[in-house]
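The block underneath contains the structure these notes are about, expressed in structure tokens.
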Amino acid sequence: MRLELNYGKRTLPIDIAPGWRATVIRKPDMPVISDPAGAIEEALVSPVGGMPPIAELAGTAKTACILICDITRPVPNKLILGPLIRHILGAGIDVGDITVLVATGLHRPNEGAELAELIGDPWVLNTVRVENHFARNDQDHVHVGTTSKGNVVRLDKRFVEADLKIATGLVEPHFMAGYSGGRKVIAPGVAHAETITTFHSTRYMEHPLSANCVLDGNPLHEDQLEIIEMIGGAYAVNAVIDENRQLSFLNFGEIVKSHLAAVEVIRRYALVPVARRFRTVVTSSAGYPLDQTYYQTVKGMVGPIDILEPGGNLIIVSDCAEGLGSPEFVDAQRRLVELGPDGFLEAISHKSHADIDEWQTQMQLKPMRVGSIHLYSKGLSKEDWLLTGVNKVTDLEACIRDIMTESGDPAIAVIPEGPYVVPIYRST
């Protein structure tokens, strides 16, 4: 049997040898919206919960700010942004008073051809302001409050000061926030570095409920809900896509309720019960655009740990065409290699604010506690490999064969879509 793993803008094939017992873990077939353009129009005219249509909401506003996710998320912006902006313009908001803001968090800005790819619609780029959020620019942010957990919240003033606040995003499993999209596009999306690095501190990261597909009791989610109240509420367009990146669900409405409605949809497909654990698990980092850095690859490592037998082997493929990631992440990986997993965790455990991007290194500790990690990637330099802290795979097929032979267990789990699917061990 031949299987295809998501890898960059293509796939990587693996052959399942005779005698191996393969469990392929993927979402059940999802419904696909046959008329995506009609779906966004319907969502904007008939929001969740009987709210007024977008034209009526915009009719009482003078300014609007629309948040979009950065290039790492395959959000169907080409479908969403044009109709959304046209409705806002039709309601009377002047074109100069509409801003599309890329919610980069602490990621790099998206500019030039990359920004054009992200927006997907030249009309949008040529009609309204499209700008990036810069989390380290103090002057771009305003203080909106302090959460009950003591997190000082500063957000991009372009969003806070807009009369009409709309977040757009993809709703999918997220290994710390439970699910992406909705409130997460605001914080950390357009939060100041001080706020983001508090979210990324050990007291949030090591909390047992800061996990994939968990909202109840998740400390990050609780803070995010408080932040929505601080800014007087917002609205959201929420998209859900299937394994082939086709639109499966779309809605618009008050940000919390509409996001939860989208969560209930994706939960039925992305959370996959599995009846056993495996000594060998093969997965991906979801392919382009998520797998362009090793930084994002960590998500693929964390996703399947619930079905990895302690002491087992996790094999992951990721393009990493842009290398490791930010200089700060590179520094965190260097400290991981120098100090070892226990030493690294001890060194960061008492910080009130994480160093920028070291949280992803901390997340890498989770699969490392369970088993051995093996990475196949053509995008990393020799210097990069020395800082991954995982085993280098040069021949994927040979690596899988050797590990299967060594384990003596013919069972293997394969997750082609990587972190967009979260397998959960459920004994029968």
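The values are calculated or read from the model by the stated rules, or taken from the named source; none is laboratory data. Being a predicted model, the structure only gives us computed values, none of them experimental. Every residue, glycine among them, receives a Cβ derived from its backbone with ideal geometry; neighbour counts consider all protein chains shown.
Hey, which of the helices (runs of 4 or more DSSP H) in the range 53-121, taking only ones fully inside, have at least 1 residues that are under 30 Å from Glu322 (Cα atoms)?
Fully inside the range 53-121 and qualifying: 77-90, 112-119.
For the range 210-221, which positions are surrounded by fewer than 16 Cβ atoms within 10 Å (Cβ to Cβ) and within 15 Å of Lys149 (Cα to Cα)?
Gly217 - this is the single residue of the range 210-221 that is surrounded by fewer than 16 Cβ atoms within 10 Å (Cβ to Cβ) and within 15 Å of Lys149 (Cα to Cα).
Has the range 375-393 got any residue that is charged (D, E, K, R) and closer than 28 Å to Arg26 by Cβ?
yes
Which residue out of Asp409, Asp384 is touching a strand residue (DSSP E or B) at 6+ places or on another chain (Cβ under 9 Å), of a type in the set (D, E, K, R) and more than 17 Å from Leu290 (Cβ to Cβ)?
Asp409
Of all residues in the range 299-317 being assigned to a helix (DSSP H, G or I) and β-branched (Val, Ile, Thr), which is farthest from Pro367 (Cα to Cα)?
Within the range 299-317, the match that is farthest from Pro367 (Cα to Cα) is Ile307.
Which count do you get for residues in the range 32-58 that are within 21 Å of Ala236 (Cβ to Cβ) and in contact (Cβ under 8 Å) with a residue 60 or more places away in the chain?
Result for the range 32-58: 13.
Condition check: under 23 Å from the mean Cα position of the chain (by Cα), in a loop (DSSP other than H, G, I, E, B) and outside the structural domain of Pro173 (by TED's automatic domain parsing). Does Thr388 satisfy that?
Against the criterion (under 23 Å from the mean Cα position of the chain (by Cα), in a loop (DSSP other than H, G, I, E, B) and outside the structural domain of Pro173 (by TED's automatic domain parsing)), Thr388 qualifies.
Scan the range 119-168 residue by residue and report those that are touching a residue at least 60 places away in the same chain (Cβ under 8 Å), under 24 Å from the mean Cα position of the chain (by Cα) and over 20 Å from Ala64 (Cβ atoms).
Ala135, Thr147, Lys149, Asn151, Val153
For Val393, only one of the following conditions fails: (1) under 25 Å from the mean Cα position of the chain (by Cα); (2) at pLDDT 95 or above. What is its number?
Tallying (1) under 25 Å from the mean Cα position of the chain (by Cα); (2) at pLDDT 95 or above, Val393 fails exactly one: (1).
Exactly one condition in (1) over 30 Å from Thr405 (Cα atoms); (2) surrounded by 16 or more Cβ atoms within 10 Å (Cβ to Cβ) is false for Lys9; which is it?
That leaves (2) as the condition not met.
When you look at Asp291, is it assigned to a helix (DSSP H, G or I) and buried (at least 24 other Cβ atoms within 10 Å of the Cβ), yes or no?
Judged against the criteria, Asp291 is a match.
So which strands (runs of 3 or more DSSP E) stay within the range 125-198 end to end and still have 2 or more residues that are aliphatic (A, V, I, L, M) and modelled with pLDDT of 95 or more?
Counting at least 2 such residues, we get 141-146, 152-156, 164-170.
Hey, any hits in the range 407-422 for a residue that's more than 30 Å from Ile266 (Cα to Cα), modelled with pLDDT under 95, over 26 Å from the mean Cα position of the chain (by Cα) and of a type in the set (Ser, Thr, Tyr)?
yes
Take Gln224 and decide whether it is of a type outside the set (A, V, I, L, M, F, W, C), within 30 Å of Val144 (Cβ to Cβ) and crowded, with 17+ Cβ neighbours inside 10 Å.
Spelling it out, Gln224 is indeed of a type outside the set (A, V, I, L, M, F, W, C), within 30 Å of Val144 (Cβ to Cβ) and crowded, with 17+ Cβ neighbours inside 10 Å.
Inspect all residues belonging to the range 252-273 and state whether any of them is touching a residue at least 12 places away in the same chain (Cβ under 8 Å), buried (at least 24 other Cβ atoms within 10 Å of the Cβ), more than 23 Å from Ser210 (Cβ to Cβ) and not assigned by TED's automatic domain parsing to the domain that holds Gly49.
no
When residues of the range 27-55 are filtered for being surrounded by fewer than 16 Cβ atoms within 10 Å (Cβ to Cβ) and within 23 Å of the chain's Cα centre (by Cα), how many remain?
4
Condition (residue is part of a helix (DSSP H, G or I), farther than 26 Å from Val282 by Cα and outside the structural domain of His107 (by TED's automatic domain parsing)) applied to the range 355-378: is it met by at least one residue?
No, that holds for no residue.
Determine whether Gly189 is within 12 Å of the chain's Cα centre (by Cα), assigned by TED's automatic domain parsing to the domain that holds Leu118 and on the phi > 0 side of the Ramachandran plot.
Spelling it out, it is not the case that Gly189 is within 12 Å of the chain's Cα centre (by Cα), assigned by TED's automatic domain parsing to the domain that holds Leu118 and on the phi > 0 side of the Ramachandran plot.
In the range 286-297, is there at least one residue being modelled with pLDDT of 95 or more and in contact with a strand residue (DSSP E or B) (Cβ under 6 Å, 6 or more places away or on another chain)?
There is at least one residue in the range 286-297 that is modelled with pLDDT of 95 or more and in contact with a strand residue (DSSP E or B) (Cβ under 6 Å, 6 or more places away or on another chain).
Each row is one residue, and each column tells you yes or no for (1) over 23 Å from Glu328 (Cβ atoms); (2) under 19 Å from the mean Cα position of the chain (by Cα); (3) assigned to a helix (DSSP H, G or I).
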| site | (1), (2), (3) |
| --- | --- |
| Glu222 | yes, yes, yes |
| Ile227 | yes, no, yes |
| Ala236 | yes, yes, no |
| Arg245 | yes, yes, no |
